[in-house]
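Before any comments, here is the structure.
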Amino acid sequence: MNLANKLTLTRILLAVLFLLMLLSGLPGGTTAALVTFIIASLTDYFDGHIARSRNMITNFGKLMDPLADKIMVSSAFIAFVGLHWIPSWIAVAIIGREFAVTGLRNLAASQGKVVPADGFGKAKTVSQIVAIITILVGYAIQMDLMEGLGCCLWLGVLFPTPFQWITWILLAVALVLTLYSGANYIRQNWNIIFEKGC
C-alpha cells in the first residue's frame, strides 16, 4: 500500500477519533475535535497531491479517497445535529446529495462509464470543510476557552456572536454549492440515468 492510500485510511481513522472527542463531553473535547478535523482535512489535500505527483493513483485510491471524504464530512454534520448545533434538514440535504452522486457514479460504472469530479464538486468539498471548521472554532471558543477561563455568562454569549453570523453564511454557501453541484452532475449525466435498459 502506497503513501497516498495510507493517508486516505488515516483520514477515516481520524474521522472516528474526531467523533469520539467531539461527543466525549470531556474538558477541551471540542478543541481536540477541531484539531483532529483540521489534520484529517490536510490528509485530504496531501494524499491527492502525492498520488498525482508521484504517479501513485490506484483503483483503491479512486474508491476510498472520495469515500473517506464523505465519511469525514457526514460524521461532522450528523454529530452537529445530535449536539443541536445545526438543523437536521441541512445535514439531510448535504448527505442526501452525497448518496445521489455516489449512486450516479455506481450506475455509470455498471455501464463502463466514469463520472469525474468537476470544479463545482471540489468547491463543494472545500466549502463544507470550511463551514465545519468554522462551527468547531465557534463552539471551541464558547465551550472550552470561555468556560475554561471562568468568564461571565454574558461574555460567553456575546463573544461567539460574530462566529455565529460567519457560520451561518459559510453554511449557506456550502449548502448552495452542495445542491448545485449535485444538480449539475445529474444534468450532465442525464443520459446515463435514463439510458434504455437501465
| Name the residues in the range 163-186 that are in contact (Cβ under 8 Å) with a residue 40 or more places away in the chain, over 16 Å from Val73 (Cβ atoms) and not aromatic (Phe, Trp, Tyr), would you? | Asn184, Ile186
| query | Ala32 versus (1) surrounded by fewer than 18 Cβ atoms within 10 Å (Cβ to Cβ); (2) within 19 Å of the chain's Cα centre (by Cα); (3) within 16 Å of Phe80 (Cα to Cα); (4) not acidic (Asp, Glu): which is the lone unmet condition? | reply | (1)
| Subset of the range 1-60 (residues that are not in a helix (DSSP H, G or I) and not hydroxyl-bearing (Ser, Thr, Tyr)) | Met1, Asn2, Leu23, Gly25, Leu26, Pro27, Gly28, Arg54, Asn55, Met56, Ile57
| query | What pairs can you find where one residue is in the range 43-60 and among the aliphatic types (A, V, I, L, M), the other is surrounded by 14 or more Cβ atoms within 10 Å (Cβ to Cβ) and in a helix (DSSP H, G or I), and their Cβ atoms are less than 6 Å apart, with a gap of 6+ or different chains? | reply | Ile50/Ala4; Ala51/Ala4; Ala51/Gly61; Met56/Ala4; Ile57/Ala51
| message | Given the condition of a type in the set (A, V, I, L, M, F, W, C) and closer than 30 Å to Ile186 by Cα, answer yes or no: does some residue in the range 13-20 qualify? | response | yes
| Considering residues of the range 1-22 that are surrounded by fewer than 16 Cβ atoms within 10 Å (Cβ to Cβ) and more than 17 Å from the chain's Cα centre (by Cα) only, the residue nearest to Leu136 (Cα to Cα) | Lys6
| said: Kindly evaluate Ser127 against the criterion of being out of contact with any Leu (no Cβ under 9 Å at 6 or more places or on another chain), at pLDDT 80 or above and of a type in the set (Ser, Thr, Tyr). | reply: no
| note | Sole miss for Gly25 among (1) small (Gly, Ala, Ser); (2) at pLDDT below 95; (3) surrounded by 13 or more Cβ atoms within 10 Å (Cβ to Cβ) is condition (3)
| request: Being more than 19 Å from Leu34 (Cα to Cα), at pLDDT 85 or above and among the hydroxyl-bearing types (Ser, Thr, Tyr) narrows it down to one of Tyr185, Tyr180, so name that one. | output: Tyr180
| task | Please determine, by comparing only the residues of the range 77-108 that are more than 14 Å from the chain's Cα centre (by Cα), closer than 23 Å to Leu136 by Cβ and touching a residue at least 60 places away in the same chain (Cβ under 8 Å), which one is surrounded by the most Cβ atoms within 10 Å (Cβ to Cβ). | result | Ile86
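The values are calculated or read from the model by the stated rules, or taken from the named source; none is laboratory data. Because the structure is predicted, anything quoted here is derived from the model rather than measured. A quick note on method: Cβ atoms are made from the backbone with ideal geometry, for glycine too, and the neighbour counts reach across all protein chains shown.
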